[in-house]
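The values are calculated or read from the model by the stated rules, or taken from the named source; none is laboratory data. What you see is a predicted model; the values in this text were computed from it and never measured. FYI the Cβ positions are ideal-geometry reconstructions off the backbone, even for glycines, and counts take in every protein chain you see.
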Amino acid sequence: MTRPEGKRKPAVMLVGEDGNAFAIIGRCRTALKRAGYTNEEVAAFSQEAMSGDYDHVLMTAMEWCAVDEEEDDEEEEEPIGEVWFAEDEEDE
């Protein structure tokens, strides 16, 4: 399953995960839950992320979440509850 259309990608900071695939998956799962994704959608993310190698985990994380790899990223973000969403490129 790919990321459901119409749902925004929650921002996830991956700096400091030191290549730990399970930590990356866990961080993305938490962000997806807080962003209102259903349990089935979160489970689909997990299943897809774990269906390949480490590179596949990263690719899946980037498909489902707005992955922020730099601590000093200058991208504007807007808070939505406890979840932060990356600004849509269309809004620029």
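Starting from residues that are part of a loop (DSSP other than H, G, I, E, B) and modelled with pLDDT under 90, keep the ones in the stretch 10-47 and report whichever is surrounded by the most Cβ atoms within 10 Å (Cβ to Cβ).
Going through the qualifying residues, I end up with L14.
Residues in the stretch 48-64 that are without any contact (Cβ under 8 Å) to a residue 24 or more places away in the chain and acidic (D, E): D53, D55.
The residues of the stretch 48-86 that are in a loop (DSSP other than H, G, I, E, B), at pLDDT 55 or above and over 14 Å from the mean Cα position of the chain (by Cα), listed by number, are M50, S51, G52, D53, E70.
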